[in-house]
1. Taking the stated definitions as given, is B:Leu212 more than 24 Å from B:Ile285 (Cα to Cα) and in contact with an Asp or Glu (Cβ under 8 Å, 6 or more places away or on another chain)?
2. Among the residues of the range A:229-245, write down those that are closer than 19 Å to A:Thr292 by Cα and in contact with a Lys or Arg (Cβ under 9 Å, 6 or more places away or on another chain).
3. For the range A:183-206, which residues satisfy the criterion of being of a type in the set (A, V, I, L, M, F, W, C) and under 19 Å from A:Thr292 (Cβ atoms)?
4. Can you tell me which residue is surrounded by the most Cβ atoms within 10 Å (Cβ to Cβ) among those in the range A:91-104 that are among the hydrophobic types (A, V, I, L, M, F, W, C) and within 7 Å of another protein chain (Cβ to nearest Cβ)?
5. For the condition within 13 Å of DNA strand D (Cβ to nearest atom), in contact (Cβ under 8 Å) with a residue 40 or more places away in the chain and either of a type outside the set (D, E, K, R) or not in a helix (DSSP H, G or I) (or both), what is the one hit in A:Ile39, A:Ile3?
6. For the subset of the range B:5-55 comprising residues that are basic (Lys, Arg), loosely packed, with under 14 Cβ neighbours inside 10 Å and more than 6 Å from DNA strand C (Cβ to nearest atom), which member is farthest from the other protein chains (Cβ to nearest Cβ)?
7. Since A:Asp70 meets every condition but one in (1) modelled with pLDDT of 90 or more; (2) charged (D, E, K, R); (3) buried (at least 23 other Cβ atoms within 10 Å of the Cβ), which condition does it not meet?
8. So if I check each of A:Ala136, A:Ala122, A:Ala84, which one is outside any strand (DSSP E or B), surrounded by 13 or more Cβ atoms within 10 Å (Cβ to Cβ) and at pLDDT 90 or above?
2 protein chains.
Amino acid sequence: MSIKKVAQLAGVSTATVSRYLNNPEQVKERTRLKVQSAIDETGYAPNTLARNFRRGRTSLIVVVLPTVGDPFLENVMRGIWRVADEQGYSILIRDTQSNSHEFDEYTDMVFSKQADGILLLASISPFEEPTGKPRASNKVHPPIVLGLESVTAELNQFPSVRVDNVAAAADGTHYLIQLGHQRIGFIAGKRNSLLTHDREKGYRKAMRKAKLPVASGWVVEGEQTLEGARRATRRLLSHKERPTAIFCANDEMALGAIHEIKNAGLKVPEDISVIGFDDIRYAEIMDPPLTTIAQPAEEIGERTMRRLCQAIEGSDGDSEAEIVPHKLIVRKSTANAPR
Amino acid sequence: MSIKKVAQLAGVSTATVSRYLNNPEQVKERTRLKVQSAIDETGYAPNTLARNFRRGRTSLIVVVLPTVGDPFLENVMRGIWRVADEQGYSILIRDTQSNSHEFDEYTDMVFSKQADGILLLASISPFEEPTGKPRASNKVHPPIVLGLESVTAELNQFPSVRVDNVAAAADGTHYLIQLGHQRIGFIAGKRNSLLTHDREKGYRKAMRKAKLPVASGWVVEGEQTLEGARRATRRLLSHKERPTAIFCANDEMALGAIHEIKNAGLKVPEDISVIGFDDIRYAEIMDPPLTTIAQPAEEIGERTMRRLCQAIEGSDGDSEAEIVPHKLIVRKSTANAPR
DNA sequence: TTGTACGCGTTATCAT
DNA sequence: ATGATAACGCGTACAA
């Protein structure tokens, strides 16, 4: 009963107050002043709840990501926020704690009007199939855009923005091969992450192309964490055919790998070269500075968000994947193969 | 018109459907089944917008923080999320991009019902005074809890949870002094950050107590970034009375400092000791591993969130600050003073 | 240019 | 245990 009070105080109708708020140009100067002073006096703030309800939209976007505090995602978020601010959306962040969740868990947020759209930056691979009862077919698919990751079969109907992870990883691997490395290990992410799986695919592809073998035990799981990568590295170091170079599916793991290699009394890059993926800000200050593959994080954020806005407005063109360019950044953690 | 459809299809009233949804125990088994099958058939999902509107609450909490992708805040967020999930709140994250904002900008979110409460983890120092017109006094102060930071005069009416930054920084400084350091530099955060200002206070306090001088130029601004810390470090290194130890107001800056010191051809800790604050996960894998002061991040998150829930429910007890314990973690970036 | 009046989907109150 | 209905605060079609 708030707009009413203002109206009463200003001696106008609620409709006029509403118009003053939303289409000021439709109300006469003199009236405007009256309304404004009534608003000032009461300290009135429009009830967003009622407004959203009436308008049928929340102006809320849910961004689903594996972990906050990922320095790479920070940059992506920056791009997302820029567009969100510009378009009047607020960002709701859902951390999946690196677990995979049911697809419905997120889409329901749209169907129940908790949010207008969803930005999926998470590991989405094994979205468990909807439990039992099939989702009612009278529901159209909600506004969803995928960022960073490739998509599973069930998700390829949605637009996505990402680098070509296969090609990028192949490039990185190729670079190591050019340096003369023949025994190259790979530290993968979690089993359910399509993204790191694609990078592994790129690695294998480049190895195959160079006619180099991938010995059993050269590809290990690093769990996308510092600690997981350290464990993985230890396994690699004790391999009977120890690699002279290690490709890590992301920088976080590369940092862990470098640390562990040095701990073992070996030198990077003299004994073992290490290459990462993402170019997070810590890559450069590592000792040695990390060679890595950079993604245009902020741009990815911007573009996913823009596509989502389009999808919400229904002006959703095609659902093709947008591929953005990656770039190899050579620093000091890679060198010619030893001997 | 959706609950209506379900009601119609199930041959009951909307009230019954609503009850089934919110207080299932109040509806008879037989009716429950009818309603459930109607829901299944229609794929009905309650409109959260309408529900929130009716109930007068959003179940949304806004967390205001300086930058996402801060590895320390990640841990705080983890604690916040745990409580939020448990209490049925969703978390809206606002990144201030390390700038300070007007206080109203956030409180308005509560007054306009965009959110039920606010968790302030950001640099809040110079909340510019409300512009001109004083905020209408008929507004009670909204549910706000402060985390990590101390408070300005205008904010000390709100509960807060944090470590004793002054004491903690004094402890760290004292540790360096014990190691025989006499020339100790300090890399501060941004000028408007009360938090790092408190840490600087602790540093100065410990120096004073040990009767050690703080030469002009020994306290430099590091902007809370890797890059800013590197610049600050360069200035410290070129000081005519170069410090033999550097206290950094947080780990992020400590990492930058170590990198820059090594870049300059000096050794940590042989030539210069470095100590940080926060104990982020990268502290341990740095070369050398970083000595730092740890905060119970997750616990801080949990406790701030719990207090906020209380504040929202109105069972807000006192607004005293909760102080949680800090802890010095000695690793390899500190050693006895040279010579 | 402004006012009247209805409806958005839900929950809650009061009967039954 | 269930049904009828008022109310939440706002936006807007329509009338004036």
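The values are calculated or read from the model by the stated rules, or taken from the named source; none is laboratory data. Not measured: the values here are computed from a predicted model. Positions of Cβ are backbone-derived with ideal geometry, glycine not excepted, and every protein chain shown enters the neighbour counts.
1. no
2. A:Pro243, A:Thr244, A:Ala245
3. A:Ile184, A:Phe186, A:Ile187, A:Ala188, A:Leu195, A:Ala206
4. Ranking the qualifying residues of the range A:91-104, first place goes to A:Ile93.
5. After ruling out the rest, the residue left standing is A:Ile3.
6. Result: B:Lys28.
7. (1)
8. That would be A:Ala84, the only listed residue that is outside any strand (DSSP E or B), surrounded by 13 or more Cβ atoms within 10 Å (Cβ to Cβ) and at pLDDT 90 or above.
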